[in-house]
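The structure under discussion appears below in the form of structure tokens.
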Amino acid sequence: MLRSLGQRPVTGSDEDPRVAELRTAVSRLRRELATHPAEFPDRGIAEEELAALAAMTSGGIPEIPRLRRSLLLIASAIGSVSALSRGLSDVRDAVDLFGGPPRG
């Protein structure tokens, strides 16, 4: 996991390390969700939003409000599935790398 926004990717690419971190966290949670045996009512919503997040990481810097909306939907959909809590936490941490929620 990246600890500082100032770190550069090891691969030598110009990719934003926050995007790489988000892509990794989303990919991991998608795999965990795919292998999770239990069905639950909002599983489809979680899968759709994870796919949307994955797509956002392929096009440069994602829009922060859209990241936060997807995170909220994913958390609502799988928040009660304790087996997925670590993966969800990793995605939340990766979204937080893009900045905190707006102050109101």
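The values are calculated or read from the model by the stated rules, or taken from the named source; none is laboratory data. For clarity, every value in this text was computed on a predicted model and none was experimentally measured. All Cβ positions, even for glycine, are placed from backbone atoms using ideal geometry, and neighbour counts span all protein chains on display. To get the accessible areas, we keep the full protein, side chains included, count just its heavy atoms, and leave off ligands, DNA and RNA. Shrake-Rupley method; radii C 1.70, N 1.55, O 1.52, S 1.80 Å.
In terms of the mean number of neighbouring beta-carbon atoms within 10 Å, the peptides 20-26, 36-42, 77-83 order highest first as 20-26, 77-83, 36-42. Once the 1.4 Å probe is applied to the protein heavy atoms, segment 28-84 comes out at 57 Å² accessible per residue.
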